[in-house]
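*Asks:* So that we are looking at the same thing, I have put the structure below in structure tokens.
The values are calculated or read from the model by the stated rules, or taken from the named source; none is laboratory data. A quick note: this is a predicted structure, and the numbers were derived from the prediction, not measured. Note: ideal-geometry Cβ built from the backbone for every residue, glycine included; neighbour counts use all protein chains shown. Surface areas here come from the heavy atoms of the whole protein model, side chains and all, with no ligands, DNA or RNA. Shrake-Rupley method; radii C 1.70, N 1.55, O 1.52, S 1.80 Å.
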Amino acid sequence: TGLCPGSYNVIITSGCFKKDTVYFVITGVGSPTVSYDTLNICQGDSILIHGSFRLVAGTYNDTLVGSNYMGCDSILMTTLNINLPDDADFNYPAASYCIWNAGPVPTVTGLAGGSFVINNGGSINSSTGLINLNTSGVGNFIITYTTNGICPASSVDTITILSCLLH
């Protein structure tokens, strides 16, 4: 029961490892409509497919049965792809800077094109990551870089801005 019209082979194995194949055909009125869909989610996420939450890549089938039809009227085939999180790696050239130094710019070794934010009232260019040391003031700062890719990810780097006396 629950099978759509079509041809099927069933392999039967006994306890003595003897195998036999049974071939049968199920007939019905018309042919079912088959619909295909491909969905992409990020690793760690889940999505509702055919009444169940899925988080593993694969093909999921759902058979719909119409009330006036013997057999199935539609088969929904959904392929689920799992994408890895973006690489958000970046770093600044040094861990500390004097307040009068030129503002440092990070090197993004992961996916470029993301955005930067800084804590403690620091001043940063959100596109390039350039820190305005003088405007930021003295202190410890955490800079967060977030990608804008298919599966956004974030990473952090820290810097210290020192007063550094000029001689």
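*Asks:* Below 8 Å between Cα atoms, with a sequence gap of 6+, how large is the relative contact order for region 51-167 in percent?
*Replies:* For region 51-167, the relative contact order is 24 percent.
*Asks:* Computed from the mean reciprocal separation of all distinct C-alpha pairs, what Kirkwood hydrodynamic radius does region 38-157 have, in Å?
*Replies:* When all Cα pairs of region 38-157 are included, the Kirkwood radius is 17.7 Å.
*Asks:* In nm, give the distance between the simple-model label positions of residue 148 and residue 60, each being 7 Å from the Cα along the Cα-to-Cβ direction.
*Replies:* Between residue 148 and residue 60, the simple spin-label model gives 3.1 nm.
*Asks:* Oh, and also: On the first, second and third principal axes, largest extent first, how far apart are the outermost C-alpha atoms of region 109-155 in Å?
*Replies:* Principal-axis extents of region 109-155 (Cα, largest first): 36, 16, 15 Å.
*Asks:* What full-extension length gain, to one decimal in nm, is calculated for residue 160 and residue 125 as 0.36 nm per residue of separation minus the Cα-Cα distance? If you can, show how the numbers build up before the last one.
*Replies:* On the way: separation 35, 0.36 × 35 = 12.60 nm, distance 1.72 nm.
Gain on extension, residue 160 to residue 125, equals 10.9 nm.
*Asks:* Then there is this: Name the residue from 98, 74, 121 whose Cα lies farthest towards the positive end of the charge dipole of region 35-153, charges +1 on Cβ of Lys and Arg and -1 on Cβ of Asp and Glu.
*Replies:* Going by the Cα projections, it comes out as 98.
*Asks:* Probe of 1.4 angstrom, ligands and nucleic acids ignored: what's the accessible area per residue over region 109-156, in square angstrom?
*Replies:* So region 109-156 comes to 51 Å² accessible per residue, rounded to a whole number.
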